[in-house]
Amino acid sequence: MTALLIIAAFAGADIYIKSNVHTDAFAVMGQSQPASDTVSEQWIGDTAFAMISPDRSSVIDLKKNVMYMINHKAKTYLETSLPMDFAKLLPPEMASMASMMKMTVTVNPTGQTKTIGQWKCSGYDVTIQMMMMPMKMLVWATDNVPFDLKAYMDKVYGASLQAQMRLDEASVAEMKKIKGFWISSETSSEMMGAKFRSVTETVEISKKSPPAGVYSVPAGYAKQDKFSMQDLQGK
């Protein structure tokens, strides 16, 4: 009876991942931004994936092979087939700058291991160069996860990175040198004398029944064909 109850409880359950995100305070061009702490969630289903944060979300429909990038502040969304061609999604006023926005990514394993929470992780140094503005990342990844890691890497990982970081296919291929699921990442960069730093750390990986609508665009959101300038500026 107990076994049947457990099976029933997990029927229809998906993988739920919760991460805490901290961003340091910074000031640039006379504008100050206070430190912030938010929560990011991921849902991994058999045919869909969702990454949800307070301002933005991305949803991947594996049956249709499409991704929806959702801007909650503007109540808009963009639909694109996969693999995503970032250059084709730029607004007309930015199209001529596509080559300037091209990123160069380099990934190198550190050879170090570290236990974060319940996960034994391996470390990776990541350098991202765009428009002479370098970004450094220290990523800790693990292969000890309760889901099909290979399927996740093949079907979800690349598209998820493209949605979050606006990477091209070459950059995604380099990122795939990171073996495993990201448990923690620390990102630092500098622009116009201002220093930026953020840390993301996974605190939960479990099986849960997804809430209604988690794999869909919220009702009433307007569809757009290309990124807006506000999208690219993170607004």
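The values are calculated or read from the model by the stated rules, or taken from the named source; none is laboratory data. This is a predicted model, so every value here is computed, not measured. Cβ placement follows ideal geometry from the backbone for every residue including glycine, while neighbour counts extend to all protein chains displayed. Ligands, DNA and RNA are stripped out before the accessible areas are found, and what is left, the full protein with its side chains, is counted by its heavy atoms. Shrake-Rupley method; radii C 1.70, N 1.55, O 1.52, S 1.80 Å.
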Problem set entry | The lone exception for Ala87 - which of (1) over 18 Å from the mean Cα position of the chain (by Cα); (2) part of a strand (DSSP E or B) it fails | (2)
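Applying the selection to the stretch 210-224, what residues are among the hydrophobic types (A, V, I, L, M, F, W, C) and open to solvent by 60 Å² or more (accessible area, probe 1.4 Å)?
Restricting attention to the stretch 210-224, the residues satisfying the condition of being among the hydrophobic types (A, V, I, L, M, F, W, C) are 212, 214, 217, 219, 222.
Listed by number, the residues that qualify are Ala212, Ala219.
Taking the residues in the stretch 16-58 that are small (Gly, Ala, Ser) and without any contact (Cβ under 8 Å) to a residue 12 or more places away in the chain as candidates, determine which candidate is surrounded by the most Cβ atoms within 10 Å (Cβ to Cβ).
Start the filter on the stretch 16-58 by keeping residues that are small (Gly, Ala, Ser), which leaves 19, 25, 27, 30, 32, 35-36, 40, 45, 48, 50, 53, 57-58.
If we keep only those that are without any contact (Cβ under 8 Å) to a residue 12 or more places away in the chain too, we end up with 25, 30, 32.
Values: Ala25: 11, Gly30: 5, Ser32: 8.
That would be Ala25.
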Exercise. Leu138 passes all but one of (1) open to solvent by 40 Å² or more (accessible area, probe 1.4 Å); (2) among the aliphatic types (A, V, I, L, M); (3) over 21 Å from Leu89 (Cβ atoms); (4) not in a strand (DSSP E or B); which number fails?
Worked result: (4)
Exercise. Which residues, counting only those in the stretch 103-122, are assigned to a strand (DSSP E or B) and surrounded by fewer than 17 Cβ atoms within 10 Å (Cβ to Cβ)?
Worked result: Thr104, Thr106, Asn108, Pro109, Thr110, Gly111, Gln112, Thr113, Lys114, Thr115, Ile116, Lys120
Exercise. Is there any pair linking a residue in the stretch 81-100 that is at pLDDT 75 or above to one that is surrounded by 14 or more Cβ atoms within 10 Å (Cβ to Cβ) and among the hydroxyl-bearing types (Ser, Thr, Tyr), with Cβ under 7 Å and at least six apart or on different chains, and which?
Worked result: Leu89/Thr80; Pro91/Ser228
For this session: Scan the stretch 222-235 and report the pairs whose first residue is closer than 20 Å to Ser81 by Cβ and modelled with pLDDT of 65 or more and whose second residue is part of a helix (DSSP H, G or I) and not polar (S, T, N, Q), with Cβ atoms within less than 7 Å and a gap of 6+ or a chain change.
Result: Lys226/Leu89; Phe227/Leu89
